[in-house]
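The values are calculated or read from the model by the stated rules, or taken from the named source; none is laboratory data. Predicted model, so just to flag it, every value in this text is computed and none were measured. A quick note on method: Cβ atoms are made from the backbone with ideal geometry, for glycine too, and the neighbour counts reach across all protein chains shown. In case anyone asks, the SASA skips ligands and DNA or RNA and just uses the protein heavy atoms, side chains included. Shrake-Rupley method; radii C 1.70, N 1.55, O 1.52, S 1.80 Å.
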Number of protein chains: 2
Amino acid sequence: MRCRKCSNKAVLGIPRHHTAFCGTCLTDFVSQQVMRAIKEEDMFTKADRVLVAVSGGKDSLSLLDVLHRLGYDVAGLYVDLGIGEYSRLSKSKVERFTQMRGIRLHVHQVLETEGAGINDLSDLIHRPACSTCGTIKRYHFNRTAVEHGYAVLATGHNLDDEAARLLGNVLHWQTEYLKKQGPSLPDSLDGFAKKVKPLFRVAEREVAAYAIVNRLDYIVEECPNAKGAKMLLYKDMLNRLEHESPGTKQMFYWGFLAMQKTGSGQRLSMAENDRAILQPCLKCSQPTTSEICGYCRMMARAQTV
Amino acid sequence: MRCRKCSNKAVLGIPRHHTAFCGTCLTDFVSQQVMRAIKEEDMFTKADRVLVAVSGGKDSLSLLDVLHRLGYDVAGLYVDLGIGEYSRLSKSKVERFTQMRGIRLHVHQVLETEGAGINDLSDLIHRPACSTCGTIKRYHFNRTAVEHGYAVLATGHNLDDEAARLLGNVLHWQTEYLKKQGPSLPDSLDGFAKKVKPLFRVAEREVAAYAIVNRLDYIVEECPNAKGAKMLLYKDMLNRLEHESPGTKQMFYWGFLAMQKTGSGQRLSMAENDRAILQPCLKCSQPTTSEICGYCRMMARAQTV
């Protein structure tokens, strides 16, 4: 297999685009898809300070790498979940990665601030680990971005992540989640950071190939809590369809975005909707739909701090 | 495993309902689900003449059997597609089935009326066999129902069929098809029969068990043209999810129906929509959105008659 752009030996075939790329052209392809995502979805400009949430995995480190190479003003945010060896290893990868590139890194230590690691917190409040983890991460992603004055918070969700999430939302007809699902959520009110997903045009295997080709030192293991997660099953299903009909995943997610935009204008009115329903949490001042935000209610139940 | 109703030996576990049934109680269960479907979706009453489209497979023969046992005024319609041994065998099963029960049977012979079997017709017009077959069957289902004065045309689509079709429509965001997908489509104007799917509450394996328990002599082979069909892949995917989380299929399809009803009232306004866009075909007078209907255009291209 030869690269369709320069005829060098290809490292990855991309059936949905009827193409194949060598390492250099794949890197260009991923960069171009990221630039297109940033532009089309009005994510940020080179004048904006961008906070990238990094887990140490291939997606978030690739995103940080692409944005840094493209000359964006980026910093990293690592939330140390306190999940034993997995957290120790991923943290060291993130620290080395940012140090080598001279990128500023914010670190939030769950063990210190929340008084216990994710698994102990989950046990204390009788909730699944992934749900506890989601609440804590979303909370600190937003809070760090707002408190340090970043224009936007970027996460490494790729096309596979977004398509799998969409499938889950559709299978259960989560209409509220469907309204909010998109690659660029505006900063609807004070204290609520803009959130973007610049990798939403890039498939998981393309990000993985980018990370390998560019020798990014990422943590290969999945989070030990993710085993058997429904999202992995959805991804697997979509990969089977993609194998039979290349382009299915992209058509599914992009088709949804196109419908959102032209259809009822839901995404356009979302900022106003947020303004109507969000208010500052009485305890921590972060935006919430109730008097006390989900994070503060969770911490009150855990009683660890 | 014991029947949860009568403690006899169970023949089928139904995890999504946390239950299991013996043959007799399974037969009751299927009948009750059909009665509930007929009532909730306002399909027909015992005063109505119902035409049931039968292929000779487990679903359509089970439906005819249930409706006949329940005392509905039913007749069968068999469309002989002229697909060699498969058609010969399925036709003989249908004829024996209806004769034994004294049910009137209409037979439409594609070889005679359309001048060639489905496979030859498909070759002539360069379209996939399943698409040609769909056009011809839909056309004669409607035409036979209208010309013979049946109140409604019933097909044997089960929960798995409808959920798989919904998944296909959602993956491609076929919004026009999504609007029209439902278990009961009204007779929106003259020449357009009401269409219903009384098995939409019953899963495929439950229908199969009903057919076996009640010793229905159905054709076990799938249509030879169906091999590799996308619908089989969708069904397989949904079955995997169903295995992990019993009830997924039902939640997906019923959730969609509930949303359709409460949401934008699309199903309610569909009849009016049809009236606005349908007109009689200039050649055959059947309802169509163009001047000449899809069936007549297809037959003009085939030039077999």
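With the requirement that a residue be modelled with pLDDT of 90 or more and open to solvent by 80 Å² or more (accessible area, probe 1.4 Å), what does the stretch B:262-302 give you?
If the condition is that a residue be modelled with pLDDT of 90 or more and open to solvent by 80 Å² or more (accessible area, probe 1.4 Å), then B:282, B:283, B:291, B:297, B:301 are the ones that fit.
Residues in the stretch A:138-162 that are farther than 27 Å from residue A:285 by Cα and among the aliphatic types (A, V, I, L, M): how many?
Total meeting the criteria: 1.
Please specify each residue of the stretch B:110-130 satisfying the condition of being under 19 Å from the mean Cα position of the chain (by Cα) and open to solvent by 40 Å² or more (accessible area, probe 1.4 Å).
Passing the criteria: only B:130.
For the list (1) out of contact with any strand residue (DSSP E or B) (no Cβ under 8 Å at 6 or more places or on another chain); (2) open to solvent by 10 Å² or more (accessible area, probe 1.4 Å), I need the number of the one condition that residue B:42 fails.
Among (1) out of contact with any strand residue (DSSP E or B) (no Cβ under 8 Å at 6 or more places or on another chain); (2) open to solvent by 10 Å² or more (accessible area, probe 1.4 Å), the lone unmet condition for residue B:42 is (1).
Kindly indicate whether any position in the stretch A:20-30 is without any contact (Cβ under 8 Å) to a residue 24 or more places away in the chain and among the aromatic types (Phe, Trp, Tyr).
Checking the stretch A:20-30: at least one residue is without any contact (Cβ under 8 Å) to a residue 24 or more places away in the chain and among the aromatic types (Phe, Trp, Tyr).
Only one of (1) outside any loop (DSSP other than H, G, I, E, B); (2) open to solvent by less than 40 Å² (accessible area, probe 1.4 Å); (3) touching a helix residue (DSSP H, G or I) at 6+ places or on another chain (Cβ under 7 Å) is not met by residue B:103, so which one is it?
Residue B:103 satisfies all of (1) outside any loop (DSSP other than H, G, I, E, B); (2) open to solvent by less than 40 Å² (accessible area, probe 1.4 Å); (3) touching a helix residue (DSSP H, G or I) at 6+ places or on another chain (Cβ under 7 Å) except (1).
Quick test for you: out of B:134, B:76, pick the one residue that is open to solvent by less than 20 Å² (accessible area, probe 1.4 Å), without any contact (Cβ under 8 Å) to a residue 60 or more places away in the chain and assigned to a helix (DSSP H, G or I). Lay out the reasoning, then the answer.
Numbers: B:76 fails: assigned to a helix (DSSP H, G or I).
Only one candidate passes the filter, namely B:134.
How about the stretch B:205-261: which of its residues are charged (D, E, K, R) and open to solvent by less than 60 Å² (accessible area, probe 1.4 Å)?
Applying the first criterion (charged (D, E, K, R)) to the stretch B:205-261 yields B:205-206, B:215, B:217, B:221-222, B:227, B:230, B:235-236, B:240, B:242, B:244, B:249, B:261.
Correct list: B:206, B:235, B:242, B:249.
Quick check, is residue B:188 touching a residue at least 60 places away in the same chain (Cβ under 8 Å), open to solvent by 10 Å² or more (accessible area, probe 1.4 Å) and of a type in the set (Ser, Thr, Tyr)?
In short, no.
Could you count how many residues in the stretch A:219-257 are of a type in the set (A, V, I, L, M) and more than 8 Å from chain B (Cβ to nearest Cβ)?
Qualifying residue count, the stretch A:219-257: 8.
Report yes if some residue within the stretch B:45-57 is open to solvent by 20 Å² or more (accessible area, probe 1.4 Å) and part of a helix (DSSP H, G or I); otherwise report no.
Taking every residue of the stretch B:45-57 in turn, none turns out to be open to solvent by 20 Å² or more (accessible area, probe 1.4 Å) and part of a helix (DSSP H, G or I).
Of the residues that sit in the stretch A:139-170 and are touching a helix residue (DSSP H, G or I) at 6+ places or on another chain (Cβ under 8 Å) and without any contact (Cβ under 8 Å) to a residue 40 or more places away in the chain, which one is farthest from residue A:51 (Cα to Cα)?
A:170
Within the bounds of the stretch B:110-131, is there any residue that is within 15 Å of residue B:50 (Cβ to Cβ) and touching a helix residue (DSSP H, G or I) at 6+ places or on another chain (Cβ under 8 Å)?
No, because not a single residue in the stretch B:110-131 is within 15 Å of residue B:50 (Cβ to Cβ) and touching a helix residue (DSSP H, G or I) at 6+ places or on another chain (Cβ under 8 Å).
Any idea how many residues of the stretch A:8-22 are out of contact with any strand residue (DSSP E or B) (no Cβ under 9 Å at 6 or more places or on another chain) and on the phi < 0 side of the Ramachandran plot?
3
In the set B:93, B:39, which member is in contact (Cβ under 8 Å) with a residue 40 or more places away in the chain and charged (D, E, K, R)?
Among B:93, B:39, only B:93 is in contact (Cβ under 8 Å) with a residue 40 or more places away in the chain and charged (D, E, K, R).
For the stretch A:139-167, what are the residues that are open to solvent by 10 Å² or more (accessible area, probe 1.4 Å) and either out of contact with any Lys or Arg (no Cβ under 9 Å at 6 or more places or on another chain) or within 14 Å of another protein chain (Cβ to nearest Cβ) (or both)?
Once the filter is applied, which keeps residues that are open to solvent by 10 Å² or more (accessible area, probe 1.4 Å) and either out of contact with any Lys or Arg (no Cβ under 9 Å at 6 or more places or on another chain) or within 14 Å of another protein chain (Cβ to nearest Cβ) (or both), the stretch A:139-167 yields A:139, A:140, A:143, A:144, A:146, A:147, A:165.
Just need a number here: residues in the stretch B:168-217 that are part of a helix (DSSP H, G or I), of a type in the set (Phe, Trp, Tyr) and away from chain A (no Cβ under 14 Å).
Count: 1.
Do we find that residue B:171 is crowded, with 20+ Cβ neighbours inside 10 Å and over 24 Å from residue B:66 (Cα atoms) in this structure?
Judged against the criteria, residue B:171 is a match.
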